[in-house]
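Here the structure comes first, spelled out in C-alpha cells, and everything after it is commentary.
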Amino acid sequence: MLGLGALALAAVTAAPGAADYRVDTSDSVTRSAGQPGGKARTRVIGGSGTNASAFPWQVALVLDSRFAGNDYQRQFCGGSLITPYIVVTAAHCLFDTDPDCADPPRPCGSDPGGDGTLALDDTDVDVVVGRTTLSGTGGAEESVYINGVYINGAYDPSTARGDLGYLTLANPITAQARIDIVDRNNLRAWRAGAPTRVTGYGLTVPEVGANKSDTLQLATVPIIADANCSNPFVYGSFFSRRVQICAGFLEGGIDSCQGDSGGPLQTAAGAASGATRLVGVVSFGSGCAEQNKPGVYTRLAQNPFCEAVIANVDQIEQAEAVPPAGQEAVVGPAGCSDKQFTLKKRCKKKKGSAAAVKKKRCGRKKKGRKRR
C-alpha cells in the first residue's frame, strides 16, 4: 500500500459515529472489524436491479479467491474504472480491511504476502468488471496487481475527508467502457435537486444479517443542498462542503449503504456530451436510508479533488510504467472546475415607473457568487 499526494497518511483514529463507512463486513470470511460503527450492512437500499452493460465502468472489489466463497460472498466494496489500468474507490475500503488481520491480534500477527499492517494488500483483492450477477460467470476478473493499492495522502480516517483510493491492474481492461469525472461545462450535474444515480451490488433492506443481493442494484437520488446537509439535524460540521457532497432523500427510504463504498455517484441523464459522468464516490452515512441521514460522497466533480485525481493517476502511471496507450484523460474535455454551483435568484417583475430601475438591479443580482 502506497500513499499519494503531498500530505502524509493520517494516523488511525476512531471516527465519530456519523462516519458509518459503507464497507460490507457481513460475509463469512474473517475480515477487519476496524470500520467506524462496525455495522454489518450492505449496499443500495430502495433501488432496483439493473444490468452491468448499462454501467460498464462499475467494479466490484472482492477478496482474493484464496478466501472461502464465490465472488458474491467475497464482495466488500465498489469502484469505477477511470482508465484501462486504474480503478478509483474509497480510501476506507483499503485503509483498514486486511482479511489476514484477525482481531485480536492487531496489527497483524500473521499477514502472508502482506506488509504486516491493517491496510489491504495487493494479494488480498480481486476486481470484477462487467458482471451483472456476481455469483455467475461472464465479465472480466482481474486478480493480479502491479504495485497494488494506493491511498490519497489527504485521507483522514477521523473525519472521512479525502476518502479516495486506487487499485492498479496488471493488465488493461479494454473491453469495458470507463467513466470520466464531470467537467466544468456541466456544473448543473451537482446543483441541489439534480438527479444522480448510485450503483452497487446490494441489499434491499438495511437490517443487520439480511441476505445480500447478488445482482447489480441502481437507485436514483437527488443532490442535496450543502446547507441542508450541514444542518445540525443532518450532519452538522461533520459534513465538509468543500470536499463532500450529499445525495438522497431527507425523508429516507432510498440510499447507498455498506458494500457500496467506493462505487460511483454518476449523472442521471448524461453530460452535455451525452456521456454519463462521475460526480462522486460513495463514502459514508449514519445508518442507511434513515431520516435526515442521506449518503455522503467524496466530491470529485470539482476541485480540490478533481485535480487531485489527475495528479494521483499521473503518479501511478509513472510509478508503474503504464504504456502511453493505456494513459487516458480522467476528466471531461473541458477540465476541472473551481466553482460550486449556485442557483441564481429570480427578480420579481414590477409594473410602473420603477420597472426600469428594478430591471437593472436584477441584472446585478443575477451574477451570482461562489460558495465558500
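The values are calculated or read from the model by the stated rules, or taken from the named source; none is laboratory data. Worth saying up front: this structure is predicted, and the values here are computed from it rather than measured. Ideal geometry is used to build each Cβ from the backbone, glycine not excepted, and the neighbour counts take in all protein chains shown.
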>> Suppose we keep only residues that are part of a loop (DSSP other than H, G, I, E, B) and in contact with a helix residue (DSSP H, G or I) (Cβ under 8 Å, 6 or more places away or on another chain) within region 164-191. Which one would you say is nearest to GLY139 (Cα to Cα)?
In response: PRO172
>> Just to be sure I understand, how many residues within region 47-65 are in contact with a Pro (Cβ under 9 Å, 6 or more places away or on another chain) and more than 22 Å from ILE82 (Cβ to Cβ)?
In response: 2
> Pairs under 6 Å by beta carbon, first residue in contact (Cβ under 8 Å) with a residue 60 or more places away in the chain in region 153-174, partner of a type in the set (Asp, Glu) and surrounded by fewer than 23 Cβ atoms within 10 Å (Cβ to Cβ), six or more apart or different chains?
Replying inline: GLY162/ASP156; THR168/GLU320; LEU169/GLU142
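Yes or no, residue by residue, for (1) crowded, with 16+ Cβ neighbours inside 10 Å; (2) more than 29 Å from ASN185 (Cα to Cα); (3) modelled with pLDDT of 90 or more:
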{"residue": "ASN228", "(1), (2), (3)": "yes, no, yes"}
{"residue": "TYR235", "(1), (2), (3)": "yes, yes, yes"}
{"residue": "ARG241", "(1), (2), (3)": "yes, no, yes"}
{"residue": "ILE254", "(1), (2), (3)": "yes, no, no"}
{"residue": "GLN258", "(1), (2), (3)": "yes, yes, no"}
{"residue": "LEU265", "(1), (2), (3)": "yes, no, yes"}
{"residue": "SER273", "(1), (2), (3)": "no, no, no"}
{"residue": "VAL282", "(1), (2), (3)": "yes, no, yes"}
{"residue": "GLY287", "(1), (2), (3)": "yes, yes, no"}
> Out of region 232-264, which residues are among the polar types (S, T, N, Q), touching a residue at least 12 places away in the same chain (Cβ under 8 Å) and not in a loop (DSSP other than H, G, I, E, B)?
Replying inline: GLN244
> Among the residues of region 147-178, how many are under 17 Å from the mean Cα position of the chain (by Cα) and within 24 Å of SER240 (Cβ to Cβ)?
Replying inline: 16
> Does region 85-101 contain at least one residue that is among the acidic types (Asp, Glu), within 18 Å of the chain's Cα centre (by Cα) and under 25 Å from THR159 (Cα atoms)?
Replying inline: yes
> How many residues does region 304-328 hold that are under 26 Å from ARG191 (Cα atoms) and surrounded by fewer than 18 Cβ atoms within 10 Å (Cβ to Cβ)?
Replying inline: 4
> So VAL296 fits all but one of (1) in a loop (DSSP other than H, G, I, E, B); (2) crowded, with 23+ Cβ neighbours inside 10 Å; what number is the exception?
Replying inline: (1)
> When the residues of region 141-159 are filtered to those that are buried (at least 17 other Cβ atoms within 10 Å of the Cβ) and over 23 Å from SER237 (Cβ atoms), which remaining residue is modelled with the lowest pLDDT?
Replying inline: TYR145
> Would region 75-90 turn up any residue that is assigned to a loop (DSSP other than H, G, I, E, B), in contact with an Asp or Glu (Cβ under 7 Å, 6 or more places away or on another chain) and buried (at least 24 other Cβ atoms within 10 Å of the Cβ)?
Replying inline: yes
> If we keep just the residues of region 173-200 that are of a type in the set (Gly, Ala, Ser) and surrounded by 24 or more Cβ atoms within 10 Å (Cβ to Cβ), which is nearest to SER48 (Cα to Cα)?
Replying inline: GLY200
